[in-house]
Amino acid sequence: MTSILNTVSSILASRVSSVDRDGALSLRNPVSIEFTCRRFAWSTLDSNSSGRRFVVRAAETDTDKAKSQVPDKAPAAGGSSINQLLGIKGAAQETNKWKIRLQLTKPVTWPPLVWGVVCGAAASGNFHWTPEDVAKSILCMMMSGPCLTGYTQTINDWYDRDIDAINEPYRPIPSGAISEQEVITQVWVLLLGGLGIAGVLDVWAGHTTPTLFYLALGGSLLSYIYSAPPLKLKQNGWVGNFALGASYISLPWWAGQALFGTLTPDVVVLTLLYSIAGLGIAIVNDFKSVEGDRAMGLQSLPVAFGTEAAKWICVSAIDVTQLSVAGYLLASGKPYYALALLALIIPQIVFQFKYFLKDPVKYDVKYQCTAIFGAGYIRDGFGIKSLNELCCDGSLCYCGPQIWAELASAKDGLKLGQRTYMLLKQPPFSP
């Protein structure tokens, strides 16, 4: 055994080059040697001939049998194809370029904007269930969701590719599943497609001022400066998340209302205030990226305040805003709406304590879905209030409390359906 060890020592010593002038030791051909040893192991070896100490450790398996381990952040084998199409974590690895392109647009983020368009259209008081109005609204949803939200998500992934290489190395861009030129082409196609649809809607709605085009252009610029240097708003957790919240809540609402009616200053102010809740929802996305954000110098709220403090900031921004809306409706003489919204907020708070506050990284997607739908219902509360004020026909208003009173008076499912049908035949629901 002694002779074997001395032989190894001689081999390793022969690999060592002379010490250079600044005293740095370099290896011409550094090698690592592993020995199979099942009954005993060596820990260290002193080489008297070279005057240097070399460490030799035994391995439990032969080197030709050793395999690299899968990174901890890699998705499990056989990930979900549904998650891949939705653009969320746990996605299966895909080679089809069209599926990869869809993944980059993150369709899971489209529903809040589509719902915002619906609420804005309803709040205008001028939407009717005619083929033309339905077609307009669907086109506006396509502009807000697949085109401009898809553009926002793609450009964000592009500028976050270095961060994703740390946090989610298996995503399409850092993994090399899609090329740089293909990503840039997708960004331009989605951007120009969204702006083009906005222009068409302005013409269709008979706008003398291209309001929808300006909204689409402003939203696209906001998306760019959110992700791209030198401004890169997301570097600051407060500014970046509020900008993101406003994009998801205010802009689609404004688009829907401007398409069918007039975008008034009070609606602009109220939706911007409600974007504080959007700030909280946006923070949910930051917990899974703490490691990469810290490495790249991004001051997201979980990085700046720590995970524990940030998760409470997140739920407080959402809950306080929504409770304030309920209080506003109550003070405005709408107790039924306030109670309805409160009933929707309570389950959300339960989910916060049951899932999100326990582990914001593990349950981010599950909680975000509940928060998004909660936000949608609250925005719907604003829409109902606006309808109550705007869509009155002469001395009789068919919106607001009258609807609730009519539906509440129905004692069974059949009567409820009959009363709902009769209400939908009245203005403003019918032409």
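The values are calculated or read from the model by the stated rules, or taken from the named source; none is laboratory data. All of these numbers come straight from a predicted model, not from anything done at the bench. Note that each Cβ is placed from the backbone with ideal geometry, even for glycine, and that neighbours are counted across all protein chains shown. The accessibility values were calculated without ligands, DNA or RNA, using every heavy atom of the protein model including side chains. Shrake-Rupley method; radii C 1.70, N 1.55, O 1.52, S 1.80 Å.
When the residues of segment 272-286 are filtered to those that are touching a helix residue (DSSP H, G or I) at 6+ places or on another chain (Cβ under 6 Å) and open to solvent by 10 Å² or more (accessible area, probe 1.4 Å), which remaining residue is farthest from C140 (Cα to Cα)? Filtering first and then ranking leaves D286. Could you tell me whether segment 300-320 includes any residue that is touching a residue at least 40 places away in the same chain (Cβ under 8 Å) and farther than 25 Å from D359 by Cα? No, there is no match, as no residue in segment 300-320 is touching a residue at least 40 places away in the same chain (Cβ under 8 Å) and farther than 25 Å from D359 by Cα. Got at least one residue in segment 91-98 being acidic (D, E), out of contact with any Leu (no Cβ under 7 Å at 6 or more places or on another chain) and part of a helix (DSSP H, G or I)? Scanning segment 91-98 turns up no residue that is acidic (D, E), out of contact with any Leu (no Cβ under 7 Å at 6 or more places or on another chain) and part of a helix (DSSP H, G or I).
Residue-wise test of (1) of a type in the set (A, V, I, L, M); (2) on the phi < 0 side of the Ramachandran plot; (3) surrounded by 20 or more Cβ atoms within 10 Å (Cβ to Cβ).
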site: V200; (1), (2), (3): yes, yes, no
site: T209; (1), (2), (3): no, yes, no
site: Y214; (1), (2), (3): no, yes, no
site: P230; (1), (2), (3): no, yes, no
site: V239; (1), (2), (3): yes, yes, no
site: A246; (1), (2), (3): yes, yes, yes
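Is there a residue being free of Cβ contacts under 8 Å to residues at least 60 places away in the same chain, acidic (D, E), crowded, with 20+ Cβ neighbours inside 10 Å and more than 30 Å from A258 (Cα to Cα) anywhere in segment 178-188? Looking for residues that are free of Cβ contacts under 8 Å to residues at least 60 places away in the same chain, acidic (D, E), crowded, with 20+ Cβ neighbours inside 10 Å and more than 30 Å from A258 (Cα to Cα), one finds none in segment 178-188, hence no.
Okay, residues lined up against (1) over 17 Å from I281 (Cβ atoms); (2) among the polar types (S, T, N, Q); (3) at pLDDT below 85:
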| position | (1), (2), (3) |
| --- | --- |
| Y336 | yes, no, no |
| Q352 | no, yes, no |
| K358 | yes, no, no |
| V361 | no, no, yes |
| K366 | no, no, yes |
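Would a scan of segment 318-336 turn up a residue that is of a type in the set (F, W, Y), at negative phi, touching a helix residue (DSSP H, G or I) at 6+ places or on another chain (Cβ under 6 Å) and open to solvent by less than 50 Å² (accessible area, probe 1.4 Å)? No; the residues of segment 318-336 include none that is of a type in the set (F, W, Y), at negative phi, touching a helix residue (DSSP H, G or I) at 6+ places or on another chain (Cβ under 6 Å) and open to solvent by less than 50 Å² (accessible area, probe 1.4 Å).
Taking segment 242-267 as the range and being over 20 Å from T149 (Cα atoms) and of a type outside the set (D, E, K, R) as the test, the residues that pass are F260, G261, T262, L263, T264, P265, V267.
Report yes if I346 is β-branched (V, I, T) and touching a residue at least 12 places away in the same chain (Cβ under 8 Å), otherwise no. First the steps, then the outcome.
Numbers: β-branched (V, I, T): yes; touching a residue at least 12 places away in the same chain (Cβ under 8 Å): no.
Spelling it out, it is not the case that I346 is β-branched (V, I, T) and touching a residue at least 12 places away in the same chain (Cβ under 8 Å).
Residues in segment 287-300 that are open to solvent by 30 Å² or more (accessible area, probe 1.4 Å) and touching a Gly at 6+ places or on another chain (Cβ under 8 Å): Q299 alone.
Within segment 153-164, the residues that satisfy the criterion of being touching a residue at least 24 places away in the same chain (Cβ under 8 Å) and open to solvent by 30 Å² or more (accessible area, probe 1.4 Å) are W158, Y159, D162.
Is there a residue being modelled with pLDDT under 90 and buried (at least 22 other Cβ atoms within 10 Å of the Cβ) anywhere in segment 128-150? Give the derivation first.
Just the residues of segment 128-150 that are modelled with pLDDT under 90, to begin with: none.
No, segment 128-150 has no match at all.
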